[in-house]
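The values are calculated or read from the model by the stated rules, or taken from the named source; none is laboratory data. Everything quoted here is computed from the prediction, not taken from an experiment. Because the Cβ atoms are built from the backbone with ideal geometry, glycine has one as well, and the counts that use them run over all protein chains shown.
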């Protein structure tokens, strides 16, 4: 079984989830409805809903509607964080791409995010399980801490690896972890399976973000959907740049190039340095180590088609090209 | 009994609520903790917690801890919306005052708001009553719609009164209404009292915001804590400006002055026009009509010291000078 087959198997569920997302985005305010619909139409891998669906099968509850709502709620939180990620600060970020922010402005983008957050909480409330709210709101708290950390650490090529790992944990791994654990909770899985789902999601999420950070350097604009080196351009120092900064051959040059006043030429030279330093191969190894940890946890679960699907999805996450 | 006496009577509860707010704002992220603490230290009337406390007494539950948490949760949502209100959009707002945004930048301010929202949801989750989440998240959805409406209607002196009323409903009345109704719910009040509390809070909240909008024109900078005419300066068209725009004597002049490119002198001239048009007296009458509606609802409740306190607070809201 490959990733495409898993996706096809859950096609109907993912469509249902998209329908719930569409309903949740309805608003009498035309701008809010429009900017939300734009997010929905932009698609996305819906990887978090897929994890929620799969992990719900670790329990015996066959009631799908609750799982769909939970999955949509997680995706709404993800979308809200994406929109907020686009809000710019002249002091720290100097350019954008066609986003809600670019089209409507900072404040509308921020309120679109708030609207989606509130819709997510509203949807979660329909599931009558307060533990979902507790885990979700704790995750959002830590996600906002991660976002602030990211701003604080902009352009800092001397930061310890630990800081990077903590950032990607909060930026990405936590919400994927929550998708898995809450999916398991809603599916009625036993406590041990919920815990396994949470840890599986965490490690898969860490791998997911490391791969994302590799693609920022290795991909092409048409494949990744944003300019190559975009993270570096915005001052967001990821593992490949951190690794390169420590290399004898490329470190000093990179540190000279990367700053808030860097030019497009500086960026292209910096991207070339990262590519030639071997950083991307190192980053791949880092992602693989996280994937391995996720797979070890899976092996602790009973053999099932769900377990096999989770493995397929986790492996895909680690090999994806976009 | 006057307002000061009511406040003193609940001094201990309000202190407890401030303690919960302080705990909710703790973060290992120094910036988040700092910006949140700044909000807490800035004080505020804590009018929403006070309404929640009072309305909780419409029920028979004497367990205070839940009421304190609910009150703190509502205040956190209020604080989050205040911080987000400060995020600027160069296209629409041109100046700020010493705020979280001014000190830390747009993005940190936005994430501080997100953090406070999430903390509010987390706190609410400790109360084990899903209906609180439903009403709160619905209110936040409508608040964000109101914020977008406000941006859309910037500088529009020809907008119908209805638009203004809808904006202040969403901007202010809803959350005060929620403070009252959820206070009553947590206090274990019967359904009819919860409904009365909700409507009382709504009308009191409408009066509250109309008065706020008057103070923007009638107050002095030292009293109100922001420059006179600040709403108009930011393009936010409130009742006094709308009324003046319809006046034969001052309307045309006002419309000539108010625009995104207005100068400080234009603003001062516009404020003078509003003051001489009789708009502030008209706005006072509008606020009084809302206060009257709130008082009529109170009269439907059983006579009690709580009812008397609610009346004192509502009347104070309508007469306040700051």
Got at least one residue in segment B:48-62 being assigned to a helix (DSSP H, G or I), at pLDDT below 95 and surrounded by 15 or more Cβ atoms within 10 Å (Cβ to Cβ)?
no
Among the residues of segment B:8-35, which ones are in contact (Cβ under 8 Å) with a residue 60 or more places away in the chain, in a helix (DSSP H, G or I) and within 14 Å of another protein chain (Cβ to nearest Cβ)?
B:24, B:31, B:32, B:35
Kindly check whether there is at least one residue in segment B:213-228 that is in contact (Cβ under 8 Å) with a residue 24 or more places away in the chain and more than 27 Å from residue B:319 (Cβ to Cβ).
no
One residue is enough: does segment B:174-183 have a residue meeting the conditions surrounded by 21 or more Cβ atoms within 10 Å (Cβ to Cβ), more than 7 Å from chain A (Cβ to nearest Cβ) and more than 17 Å from residue B:206 (Cβ to Cβ)?
yes
Out of everything in segment B:145-157 that is in contact with a helix residue (DSSP H, G or I) (Cβ under 7 Å, 6 or more places away or on another chain) and more than 7 Å from chain A (Cβ to nearest Cβ), what residue ends up being surrounded by the most Cβ atoms within 10 Å (Cβ to Cβ)?
B:150
Could you check segment B:109-139 and list, in sequence order, the residues that are assigned to a helix (DSSP H, G or I), more than 7 Å from every other protein chain (Cβ to nearest Cβ) and within 12 Å of residue B:73 (Cα to Cα)?
B:116, B:120, B:123, B:124, B:132, B:136
Go through the residues of segment B:22-39 one by one and say whether even a single one is surrounded by fewer than 14 Cβ atoms within 10 Å (Cβ to Cβ) and modelled with pLDDT of 90 or more.
yes
If you check residue A:176 against the conditions, is it closer than 17 Å to residue A:84 by Cα and under 17 Å from the mean Cα position of the chain (by Cα)?
no
Hey, among A:99, A:92, which residue is surrounded by fewer than 24 Cβ atoms within 10 Å (Cβ to Cβ), farther than 20 Å from residue A:23 by Cα, at the interface with chain B (Cβ under 8 Å from one of its Cβ atoms) and at pLDDT below 95?
A:92
Filtering segment A:250-269 down to residues that are free of Cβ contacts under 8 Å to residues at least 60 places away in the same chain, in contact with a helix residue (DSSP H, G or I) (Cβ under 8 Å, 6 or more places away or on another chain) and assigned to a loop (DSSP other than H, G, I, E, B) yields A:250, A:262
Here is a check on your reading of the model: is residue A:192 surrounded by fewer than 23 Cβ atoms within 10 Å (Cβ to Cβ) and closer than 30 Å to residue A:141 by Cβ?
yes
Keeping to segment A:146-195, report how many residues are assigned to a helix (DSSP H, G or I), under 22 Å from residue B:31 (Cβ atoms) and free of Cβ contacts under 8 Å to residues at least 12 places away in the same chain.
3
Does residue B:201 satisfy being at pLDDT below 95 and within 13 Å of the chain's Cα centre (by Cα)?
no
Restricting attention to segment A:301-321, which residues are more than 19 Å from residue A:4 (Cα to Cα) and touching a helix residue (DSSP H, G or I) at 6+ places or on another chain (Cβ under 6 Å)?
A:301
Quick one: which of A:198, A:142 is in a helix (DSSP H, G or I), touching a helix residue (DSSP H, G or I) at 6+ places or on another chain (Cβ under 6 Å) and without any contact (Cβ under 8 Å) to a residue 24 or more places away in the chain?
A:198
Scan segment A:214-241 residue by residue and report those that are over 21 Å from residue A:261 (Cβ atoms), modelled with pLDDT of 75 or more and assigned to a loop (DSSP other than H, G, I, E, B).
A:219
